[in-house]
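Asks: Shown below is the structure under consideration.
The values are calculated or read from the model by the stated rules, or taken from the named source; none is laboratory data. Keep in mind that this is a model prediction, so the values were computed, not measured. FYI the Cβ positions are ideal-geometry reconstructions off the backbone, even for glycines, and counts take in every protein chain you see.
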Amino acid sequence: MAVLDHIEFDTHETVAFCRDAASGLRAIIAVHDTRLGPALGGCRMLPYASEAEALTDVLRLSRGMSYKNALAGLPLGGGKSVIIGDPLRDKTPALMRAFGDFVERLGGAYITAEDSNTAPQDMAEIASRTRHVRNMGFGPEDNPSPVTALGVFYGIQVGLQVLGLPLSGIVVALEGLGKVGMDLAERLHQAGAKLIVSDTSASRVAEAVARFGAEAVAVGTAHRVPATVFAPCALGAGLNADTIPELGARMIAGAANNQLATPEDGARLHARGVLYCPDYVVNAGGVLGIPLPGETLTMPQRMERAAVILRTTREVLDHAHQAQIPTNVAADALAERILQQGCRRVAA
């Protein structure tokens with residue numbers, strides 16, 4: 001597989017292909033940048049159609065983590081890992097321990113954590129083989145979802161301020177009702193927003209309808225409905241040449257990673273006059289809530305740290321407006337400047 005010529009390869013420092021016959025592990029670890037510190041990024045497990053698809057995902061996600069951690073003011077670089085397999089069928093303690101062995105071989109250049117389809121129990125298995133793992137535990141303080149949801153909520157607030165609109169009474173179309181999406185829906189409902197929701201799980205949709213008075217729409221259609229805000233909280237690459245012309249919202253801010261299928265999609269949104277709050281700016285609450293070495297953080301302290309997203313979102317949107325450039329271009333430029341200069345900010 002031609003990694004160095006891959007379209008998503010961005011001078012990544014390390015790309016490790018991991019195989020363990022005994023456990024059935026097939027995984028890829030990508031370390032994008034360690035100029036600010038060791039590369040932190042979660043481990044996700046998905047039934048990718050091919051190794052090529054998994055490679056594309058891990059390269060894009062790891063670069064996003066470099067930018068996310070830089071903008072969040074963390075002394076951390078960016079990395080990511082993906083395990084190829086069905087988490088319901090293929091995930092075993094032995095497989096997670098084998099993955100931990102590969103993390104350990106990188107000597108601390110990469111620090112792993114929870115992500116899609118991995119849980120605290122999995123992190124405990126990984127931690128039995130390496131100390132380079134974060135967010136491990138079984139208590140409420142070890143759940144990153146509320147902090148991530150709060151950060152996205154802050155991003156929506158800032159975006160609406162830029163548009164000169166209140167949160168109460170607006171319509172938010174929310175796609176994806178996992179832990180983060182459901183928490184975000186609750187916050188939006190409490191703030192007076194009207195919700196339109198979609199999810200592959202009928203039970204989660206029913207819960208949102210019952211708890212928040214939400215209106216349900218079919219999977220894959222939430223981006224089309226007339227709304228002030230579209231909040232993608234499911235899979236990435238949902239904003240592309242096909243879906244952008246169909247958008248019914250004035251603003252986009254959600255928890256999903258890599259929402260733009262290509263950087264050019266940011267220009268498409270800009271040309272349409274849709275305000276895009278870059279995903280790695282507003283969904284940084286999860287990493288902001290992870291304790292740094294030697295720290296012990298309560299959930300209120302983790303939530304307090306997410307307030308930095310208010311400042312970074314406003315800075316990115318203001319810069320984009322002043323320079324008349326797409327917001328993803330503004331965010332990328334700011335993150336690159338921090339990486340080059342090493343001028344970290346202090347998280348709030």
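Asks: State which residue pairs qualify: first residue hydroxyl-bearing (Ser, Thr, Tyr) and inside segment 172-201, second residue buried (at least 24 other Cβ atoms within 10 Å of the Cβ) in any location, beta carbons under 6 Å apart, and separation of 6 or more residues or different chains.
Replies: Partner pairs satisfying both residue conditions: 198/175; 198/222.
Asks: Hey, another quick one. All but one of (1) over 22 Å from residue 171 (Cβ atoms); (2) part of a loop (DSSP other than H, G, I, E, B); (3) not aliphatic (A, V, I, L, M) hold for residue 254; state the number of the condition that does not hold.
Replies: Result: residue 254 passes all but (1).
Asks: Working only within segment 220-244, note down all residues that are out of contact with any helix residue (DSSP H, G or I) (no Cβ under 8 Å at 6 or more places or on another chain), under 27 Å from residue 166 (Cβ atoms) and in a loop (DSSP other than H, G, I, E, B).
Replies: 221, 225, 226
Asks: For residues that are within 21 Å of residue 117 (Cβ to Cβ) and buried (at least 20 other Cβ atoms within 10 Å of the Cβ), tally how many sit in segment 232-259.
Replies: 9
Asks: If residue 88 passes every condition in (1) touching a residue at least 24 places away in the same chain (Cβ under 8 Å); (2) over 28 Å from residue 7 (Cα atoms) but one, which one does it miss?
Replies: (1)
Asks: If you don't mind, another one. Is it the case, given these coordinates, that residue 215 is more than 20 Å from residue 148 (Cβ to Cβ) and touching a strand residue (DSSP E or B) at 6+ places or on another chain (Cβ under 6 Å)?
Replies: Judged against the criteria, residue 215 is a match.
Asks: For segment 188-195, check the following and say yes or no: at least one residue is assigned to a helix (DSSP H, G or I) and buried (at least 19 other Cβ atoms within 10 Å of the Cβ).
Replies: yes
Asks: Take segment 260-285 and flag every residue that is among the β-branched types (Val, Ile, Thr), surrounded by fewer than 21 Cβ atoms within 10 Å (Cβ to Cβ) and either within 18 Å of the chain's Cα centre (by Cα) or not in a loop (DSSP other than H, G, I, E, B) (or both). Talk me through it step by step, then tell me what you get.
Replies: The first filter runs over segment 260-285 and keeps only residues among the β-branched types (Val, Ile, Thr), leaving 262, 274, 281-282.
Remaining after also requiring surrounded by fewer than 21 Cβ atoms within 10 Å (Cβ to Cβ): 262, 274.
262 - this is the single residue of segment 260-285 that is among the β-branched types (Val, Ile, Thr), surrounded by fewer than 21 Cβ atoms within 10 Å (Cβ to Cβ) and either within 18 Å of the chain's Cα centre (by Cα) or not in a loop (DSSP other than H, G, I, E, B) (or both).
Asks: Then there's this: In segment 314-348, how many are among the polar types (S, T, N, Q) and modelled with pLDDT of 95 or more?
Replies: 4
Asks: Return the residues of segment 1-27 that are over 17 Å from residue 122 (Cβ atoms) and not in a loop (DSSP other than H, G, I, E, B); say none if nothing qualifies. Working first, answer last.
Replies: Residues of segment 1-27 that are over 17 Å from residue 122 (Cβ atoms), as a first pass: 1-17, 19, 21-22.
Answer for segment 1-27, where residues must be over 17 Å from residue 122 (Cβ atoms) and not in a loop (DSSP other than H, G, I, E, B): 14, 15, 16, 17, 19.
Asks: Consider residue 181 against the criteria (1) assigned by TED's automatic domain parsing to the domain that holds residue 289; (2) touching a Phe, Trp or Tyr at 6+ places or on another chain (Cβ under 9 Å): it satisfies all of them except one. Which criterion is unmet?
Replies: Answer for residue 181: the failing condition is (2).
Asks: What tally of residues in segment 267-313 results from selecting those that are at pLDDT 95 or above and among the polar types (S, T, N, Q)?
Replies: Total satisfying the criteria: 3.
Asks: Please state which one of 176, 139, 164 is at pLDDT below 95 and either of a type outside the set (A, V, I, L, M) or assigned by TED's automatic domain parsing to the domain that holds residue 287 (or both).
Replies: The match here is 139.
Asks: Another question, then. Restricting the search to segment 77-124, which residues are closer than 21 Å to residue 11 by Cβ and either polar (S, T, N, Q) or modelled with pLDDT under 95 (or both)?
Replies: At the first step, the residues of segment 77-124 found to be closer than 21 Å to residue 11 by Cβ are 77-82, 106-111.
Listed by number, the list holds a single entry, 81.
Asks: Same structure again: Could you say which residue among 40, 46, 25, 55 is within 30 Å of residue 308 (Cα to Cα), among the aliphatic types (A, V, I, L, M) and touching a residue at least 12 places away in the same chain (Cβ under 8 Å)?
Replies: Criteria check complete, one pass: 40.
Yes or no, residue by residue, for (1) within 19 Å of residue 134 (Cα to Cα); (2) in the same structural domain as residue 256 (by TED's automatic domain parsing); (3) small (Gly, Ala, Ser):
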| site | (1), (2), (3) |
| --- | --- |
| 3 | no, no, no |
| 32 | yes, no, no |
| 36 | yes, no, no |
| 39 | yes, no, yes |
| 64 | yes, no, yes |
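Asks: For segment 143-155, state whether one or more residues are assigned to a helix (DSSP H, G or I) and either over 23 Å from residue 259 (Cβ atoms) or among the polar types (S, T, N, Q) (or both).
Replies: Checked against the condition, which is being assigned to a helix (DSSP H, G or I) and either over 23 Å from residue 259 (Cβ atoms) or among the polar types (S, T, N, Q) (or both), segment 143-155 yields at least one hit.
Asks: Could you give every pair whose Cβ atoms fall below 7 Å, whose first residue belongs to segment 118-137 and is within 19 Å of residue 84 (Cα to Cα), and whose second residue is surrounded by fewer than 17 Cβ atoms within 10 Å (Cβ to Cβ) and of a type in the set (Lys, Arg), counting only separations of at least 6 or pairs across chains?
Replies: none
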